[in-house]
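Inspection log for the structure reproduced underneath, given as structure tokens.
The values are calculated or read from the model by the stated rules, or taken from the named source; none is laboratory data. Everything numeric here is computed off the predicted structure, so don't read it as measured data. Here the Cβ is made from the backbone with ideal geometry for all residues, glycine too, and neighbour counts use every protein chain on show. SASA here: full protein model, heavy atoms, side chains in, ligands and nucleic acids out. Shrake-Rupley method; radii C 1.70, N 1.55, O 1.52, S 1.80 Å.
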Amino acid sequence: MADTLPLFDDPAFVGALLDASPDLFFYKDAAFVYRFANKAFCELFGLSLEAVAGQTDFALFEKESAERHRKADLTVVRTGRFGAFEYEVVGGGRSVWLEVFKTPVRDASGGIQGIFCSARNITTHKRLEVASRNARLELEKDAAARAEDLRRVNAELRRQMAERSKAEKALEESLRTVNLILENSPIGITFVADRVVQRANPTFHELFAMPPDTGAGRSTADFYPDREAYEAFGREFYSVLGRGRRVDTVRPMRRADGTEFWCRIIGQVLFPDRPQAGSIWLMEDVTERRLAEEATLAAERLKREFADNMSHEVRTPLNGILGMAELLLATDLTDEQRGLVATLKESAGNLTELLESILDFSRLDADSEATRNTPFNINNIIQGAVNSFGSSALQKGLSLTWRIDPETPDLVVGDGAGLRRVLAALLSNAIKFTVQGGVEVAVSVGADCREAVPAATDGVVMVSFAVRDTGIGLPADQLETVFEPFRQADGSMTRHFGGAGLGLAIARKIATSMGGDLTVESRPGSGSVFCFTAPFSLPRDGGAPTP
């Protein structure tokens, strides 16, 4: 030991003192070779003093650790001054952080003959420092995230405030618009809750002859002719309002001055899920309109009565003319006389047909005809209509045929009489304007005469009836005018074919009343196809049609 520590007079004492310290003490010579290491150094790295003495850092530690030691040693030797260092050392199967103090040891001439080092194990401190730094970084990261969240929240709050300001402005403008409409509406408008007026516009006050701004707080019973009318209105309509549906009716109402008038009343609750929140009512004086409608109905009634009476009065002499013509034809007449009587009979027959058409059109125009839904057999209707025109077709040398698609149901429920009248009008028109060829009636299921659609939905089936002919046809610009009353393709047809142009007009009115439609496709010289489509119900009991 005396050879390894020449600076101490009592090496044993100094060695024992250094071994008792928990800090690391070691000494290297000028060649950086270990000459001494205390007990704490050896225990830290699992080495003995004999294993340390005579070795360099590169023999005791891993390369990176040895390089750190050597770099610090070179710094002390180069500067010749005390130095403090911190670095990680890996050796003896463990890694530790050391705080190392290195002091150059000089000889009598002042030259550096070695380095005396003391070190302290600061691994725990470093770990705490790293943990603290990591915690600080996490806190900084969390603070940054919170700052970003706060920034987003602030941005969202600013956006919501802008949207709210915009919505409030829009609401303000909307309320102003609603108030302007309310105040200037020509129709009386009132808001009612619990059958008490909450608010009413000026027109409402004028309608009921009340001073301005006196309607709020009044019971709606004050506006009915009597208590029973008030109660009856509630019984009839307030359950409808409770289901969120709209009320639209005309009722007699009473003004504040006691006069009564006919009032159209339209009402609906504000919120269907909360009908108790109140309802809005629109009111309009329709007395003049009501009186005009009653006058119109009375005029229509008088017109129908006049038409019925006149038809009777006109039919009587016409039947007399026809009867006399029949009797004259049964007598001995010359050929010239027989021709005159035949012309007389034909003219009387045409006049009778014209009278019947005008009366039919008059009844339909007055909406006096009601559709009757009864079971009937489509086959029977088609066959009967075709047979009734067989003689007319035969006289003109025309073929008259009919066919029914197999998918068509035999028995349906609907207006069989209306169907018969439509087919009669279409067949009469087809035979009248067909010179050669033939007429065909085709029946299929579907909403289009050109394409069969056999499916029926909810017990209802659409049936199409197509009447095709090989007649003179129609130009494109006259396809709709043929359905107008007293209209034919051109004036010469009336002179050549006869008729008043009411048959197709009557047929379309009947088709519309049955919930169907009547259309035509045609080209001049290529014939026409009149298509009548209408919905019919399928019988549920499977009963037989009414004879």
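Dipole of the chain, Cα-centred, from +1 at each Lys and Arg C-beta and -1 at each Asp and Glu C-beta, to the nearest 20 debye?
1340 debye
Going toward the positive end of the dipole of the chain, with +1 on Lys and Arg Cβ and -1 on Asp and Glu Cβ, which of A385, G525, S464 do you reach last?
S464
Between the helical axis of 335-365 and the dominant principal axis of the chain, each derived from Cα atoms, what acute angle in degrees is found, rounded to the nearest 10?
Long axis of 335-365 versus the principal axis of the chain: about 40 degrees.
Based on the mean of other Cβ atoms within 10 Å per residue, sort peptides 111-120, 137-146 so the most packed one is first.
Order by mean packing, descending: 111-120, 137-146.
Would you calculate, for the chain, the mean residue ellipticity at 222 nm contributed by helices, counting each DSSP H stretch of 4 or more residues as -39,500 (n - 2.57) and dividing by all residues, to the nearest 500?
Calculated mean residue ellipticity at 222 nm is -15500 deg cm²/dmol.
Roughly how big is region 81-126's charge dipole about its Cα centre, with Cβ charges of +1 (Lys, Arg) and -1 (Asp, Glu), in debye to the nearest 20?
Once rounded to the nearest 20, the dipole reads 40 debye.
Quantify, in whole percent, the carbon and sulfur part of the accessible surface of region 128-259 (1.4 Å probe; protein heavy atoms only).
Details: 4950 of 8980 Å².
Carbon with sulfur: 55 percent of the solvent-accessible area.
About its Cα centre, what dipole magnitude does region 385-424 give when the only charges are +1 on Lys and Arg Cβ and -1 on Asp and Glu Cβ, stated in debye to the nearest 20? Don't skip to the answer; put the middle values down first.
Values: 4 positive and 4 negative charges, 62 e Å.
Charge dipole of region 385-424: 300 debye, to the nearest 20.
Accessible area per residue, 1.4 Å probe, Å², for the chain: what's the number?
Solvent-accessible surface per residue comes out at 58 Å².
Pairs to check: K303/K345; K28/K71; K396/K432; K71/K102. Give those whose C-alpha atoms are more than 19 Å from each other in this structure.
Table pairs above 19 Å Cα-Cα are K303/K345.
Roughly how tilted is helix 416-432, in degrees to the nearest 10 and between 0 and 90, from the longest Cα axis of the chain?
70 degrees
Relative to the first principal axis of the alpha-carbon coordinates of the chain, what is the inclination of helix 11-20, with its axis defined by its Cα atoms, in degrees from 0 to 90 and to the nearest 10?
Here the helix axis deviates by roughly 20 degrees.
Tell me, what is the percent relative contact order of the chain, built from C-alpha pairs under 8 Å that lie six or more residues apart?
Over the chain, the number comes to 7 percent.
With θ set to phi - 60°, apply the Karplus curve 6.51 cos²θ - 1.76 cosθ + 1.60 along region 186-202 and write out the HN-Hα couplings as whole Hz, x wherever there is a Gly or Pro.
Result, ordered by residue: x, 10, x, 10, 9, 9, 10, 9, 6, 6, 10, 5, 9, 7, 8, 7, x Hz.
Beta carbons within 10 angstrom, averaged per residue: use that to sort the peptides 403-410, 61-68, highest first.
Going by the mean number of other Cβ atoms within 10 Å, highest first, we get 61-68, 403-410.
Which ³J(HN,Hα) values, rounded to whole Hz and listed in residue order, are derived for region 275-292 from phi using the Karplus coefficients 6.51, -1.76 and 1.60 in 6.51 cos²θ - 1.76 cosθ + 1.60 with θ = phi - 60°, glycine and proline given as x?
Calculated HN-Hα couplings, in order: x, 5, 6, x, 9, 9, 10, 10, 10, 9, 6, 10, 4, 5, 5, 5, 5, 5 Hz.
May I ask you to order 79-91, 121-133 by the average number of other C-beta atoms within 10 Å around their residues, highest value first?
Taking the mean over residues of other Cβ atoms within 10 Å, the ranking is 79-91, 121-133.
Determine the gain in length on full extension of the stretch D273-A256; use 0.36 nm per residue of separation and subtract their C-alpha separation, reporting nm with one decimal. Show your work: numbers first, answer last.
Values: separation 17, 0.36 × 17 = 6.12 nm, distance 3.42 nm.
Stretched fully, the D273-A256 segment lengthens by 2.7 nm.
For the chain, just run the numbers: alpha carbon Rg, then divide by 2.2 N^0.38 Å, N being how many residues it has.
After normalising by residue count via 2.2 N^0.38 Å, the value is 2.37.
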